[in-house]
Amino acid sequence: MNNRPSPPSQNDPDRAPGSTPENTSGAIPNPNSADDGAERREPLYRLEERLLREERNVAAALLRRSRLLAEIASRRKGDPSRTASNRSALLNLEKALWAAWENVLQPEEGGRSKHWHQLLSQCNNLGYILGEQKDVRSGKPWILRPGAPSGAVTFPGPTDVLRAEIAIYWAATANAAARTSPVRTNDDVVELIKALNQLGAGLAWERDLVTHSPRQSADLDFEQKTVHVGQSPFILALLLATALARPGIAKFSGSGSLKMLPLKQWQQFLPRLGARLHQLNPHAPGLPVRLESNGTPELAQIDDETPEELIVALLVAAPFYSQGLRMTWSGAEMPESIGPKLKIISEMYDLYGVPHNVQSDAITVSHALPRLPGGTLDDASGSHPTFHVPLDPDLSAMLLVWSRFTGWAMRLEGLWPKKDSSTDPLLTLLRSCGLIVTIDPKGIRAEAGPWPVEPILDIHGHSQAMPLAVVLALGAPATAMLKGLPSEYDPDVIDTLANWSGRTWRQDGSSLIFQPMPRGTERSDPRFAPPDAAWTMAAAMLAFRHPGIHLTTPGELTGSWPEFWTLYNHVLTASAKRPGRQAEQRPEQQLAQRPKHATINSSRPTGQIHPAGSDAKGDIPANDVQRTKRRVKL
């Protein structure tokens with residue numbers, strides 16, 4: 001049979017003069033085969049067009065495949081009583097998937113099966129990662145259209161996770177009886193507890209309380225174990241740093257995201273501490289891994305390529321090293337991005353009595369068993385030292401934006417971690433937009449005052465505050481300026497939020513200028529894909545000023561703060577009464593009945609028609625949400 005393409009037709013309207021027609025047989029010409037002439041080959045632009053069509057098909061197929069595998073993995077994970085059999089079933093499924101690929105690839109690609117196997121492994125990891133994320137497998141966005149709140153609110157604020165993780169880790173590693181409360185028990189905290197318990201720790205948690213009961217063995221045991229560290233790079237780094245203190249071999253496995261974590265920089269850094277990291281799966285760039293250590297870490301020289309997670313983890317584990325640890329920065333001062341975490345660790349050193357010395361280019365930590373704080377909490381089992389976790393400054397400051405946009409007062413119960421609030425950069429941002437912020441030993445309160453004419457928001461040296469500054473700038477009634485722009489930022493994120501908020505923006509040196517759009521300009525596509533949990537929360541709070549944002553990935557914030565969306569929907573937003581719902585069944589009252597999670601959503605004061613704020617009507621007109629529904633087609 002002759003499979004050669006038919007002769008070119010003179011009446012083909014899509015064919016350029018002198019060119020050959022498109023190859024419709026589906027076969028791609030072999031560039032190594034003999035050729036009678038260039039005119040017999042398919043034109044290059046035709047090949048590129050076909051490639052683009054195939055690329056769309058491949059992307060769509062991979063998306064469907066990832067969602068199917070995510071659903072399978074999620075159902076398997078949902079039954080903890082069959083963990084071993086579920087793991088075996090997924091392994092058998094992976095083998096069957098590879099057999100299906102081999103049937104297609106043989107015999108032409110048989111010699112390159114290693115590369116195809118790596119590709120399949122990456123495709124599987126995409127599905128596992130999607131299955132681990134919360135509220136995203138359906139692919140449907142969340143529409144943030146909160147209703148007008150009905151009064152001032154008071155509730156326990158979110159607590160700092162890093163401080164809680166350090167306290168939990170030090171209690172387990174020191175083998176001391178201790179309690180940590182209140183803890184924001186998110187995915188990372190739970191994975192840390194489970195990983196330490198695999199090594200022999202006696203940790204347990206209930207709601208916001210984490211306890212540790214001393215074990216018989218003084219040291220954590222890595223022998224003959226493969227520690228599962230979940231999906232957090234920091235938990236992996238912390239367990240690696242723990243294993244460095246002892247000579248021997250330690251093995252680590254993890255979930256889908258850590259299987260795809262590039263570990264080249266980790267492997268280049270660890271030999272400076274007398275250790276080597278070996279990957280056990282040749283088809284994946286990340287876990288599982290094996291760590292070989294000589295047990296004598298003393299000096300860590302940090303450069304621009306050193307992962308931030310390893311830097312923080314080494315400082316947390318350093319008090320347990322026999323010679324302590326000296327960390328130096330080569331040729332420069334410590335990076336700005338890691339500064340806030342280093343301050344937290346230094347405060348924890350002071351609180352737990354760990355001798356240390358902080359310089360502009362070095363940190364020295366002495367070997368010392370951390371002494372638990374003196375406060376105690378009594379229960380039926382006796383008295384235990386308790387670490388009271390302070391509020392998370394970043395999350396708390398973002399929550400207080402609610403008061404700025406709604407005009408109602410907000411109070412967060414908990415200990416504010418900074419002693420001098422007048423110099424706190426986060427509170428300075430809030431005050432620069434007219435919020436009246438007051439702090440007492442039991443909480444922090446914000447009340448809305450008049451907006452400044454043109455607020456100036458300075459984040460110089462505090463790049464982590466950029467989501468907060470952008471939200472405040474976009475909520476300002478007129479022009480706003482953001483100063484101290486970091487050297488690297490995502491302009492697409494700002495562009496999406498600015499367009500939806502009816503603002504134009506431009507960069508002027510190290511500043512961003514935000515101005516209202518001309519009248520009559522339609523707002524852009526409301527879909528927003530936040531790069532991390534901080535920007536997700538920023539969009540959620542901005543919706544109180546500009547409702548209707550379509551959030552494509554709400555699950556990452558759920559993993560960081562599991563209670564946020566319940567708080568958002570039932571406390572910060574006035575929920576409409578459903579038919580037949582009794583007054584005592586309202587979500588606000590259900591939350592108020594939970595111990596240590598009491599929430600007050602007070603009613604509007606008698607005789608006051610509008611909440612206090614920048615004007616008599618507050619920052620949001622009562623009918624703003626309905627007007628948005630009519631103006632924007634969603």
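The values are calculated or read from the model by the stated rules, or taken from the named source; none is laboratory data. Just so you know, these numbers come straight off a predicted model, no measurement behind them. Cβ: placed from backbone, ideal geometry, glycine included. Neighbour counts: every protein chain shown. Calculation scope for accessible area: heavy atoms of the full protein, side chains included, ligands and nucleic acids excluded. Shrake-Rupley method; radii C 1.70, N 1.55, O 1.52, S 1.80 Å.
Values as computed for the structure displayed
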| quantity | calculated |
| --- | --- |
| Verdict on GLN122 being of a type outside the set (Gly, Ala, Ser), assigned to a helix (DSSP H, G or I) and at pLDDT 80 or above | yes |
| Check on GLN323, closer than 27 Å to SER487 by Cβ and surrounded by fewer than 16 Cβ atoms within 10 Å (Cβ to Cβ) | no |
| Number of the exception - ASN86 against (1) at pLDDT below 80; (2) more than 28 Å from GLU556 (Cα to Cα) | (2) |
| Which numbered condition ALA300 misses (of (1) touching a strand residue (DSSP E or B) at 6+ places or on another chain (Cβ under 7 Å); (2) exposed (fewer than 15 other Cβ atoms within 10 Å of the Cβ); (3) not charged (D, E, K, R)) | (2) |
| Test: residue in segment 55-74 that is basic (Lys, Arg), modelled with pLDDT of 85 or more, open to solvent by 90 Å² or more (accessible area, probe 1.4 Å) and more than 30 Å from the chain's Cα centre (by Cα) | no |
| For GLU165: the one exception among (1) closer than 30 Å to CYS123 by Cα; (2) at pLDDT 95 or above | (1) |
| Residue count for segment 350-365, restricted to those that are open to solvent by less than 50 Å² (accessible area, probe 1.4 Å), touching a residue at least 24 places away in the same chain (Cβ under 8 Å) and either of a type outside the set (A, V, I, L, M) or assigned to a strand (DSSP E or B) (or both) | 5 |
| Hey, ARG207 in contact (Cβ under 8 Å) with a residue 60 or more places away in the chain, on the phi > 0 side of the Ramachandran plot and among the charged types (D, E, K, R) or not | yes |
| Strands (runs of 3 or more DSSP E) enclosed by segment 149-206 - at least 3 residues per element that are crowded, with 21+ Cβ neighbours inside 10 Å and either more than 23 Å from the chain's Cα centre (by Cα) or of a type outside the set (Gly, Ala, Ser) (or both) | 178-181 |
| Filter pass, THR185 being within 22 Å of SER396 (Cα to Cα) and in contact with a Pro (Cβ under 6 Å, 6 or more places away or on another chain) | no |
| Any chance LEU430 is touching an Asp or Glu at 6+ places or on another chain (Cβ under 8 Å), buried (at least 20 other Cβ atoms within 10 Å of the Cβ) and not in a loop (DSSP other than H, G, I, E, B) | no |
| Any hit, segment 449-466, residues being touching a residue at least 24 places away in the same chain (Cβ under 8 Å), part of a loop (DSSP other than H, G, I, E, B) and among the polar types (S, T, N, Q) | no |
| Total residues in segment 482-538, condition assigned to a loop (DSSP other than H, G, I, E, B), within 23 Å of TYR568 (Cβ to Cβ) and of a type in the set (Lys, Arg) | 1 |
| Test for THR553: is it modelled with pLDDT under 95, crowded, with 19+ Cβ neighbours inside 10 Å and not in a loop (DSSP other than H, G, I, E, B) | no |
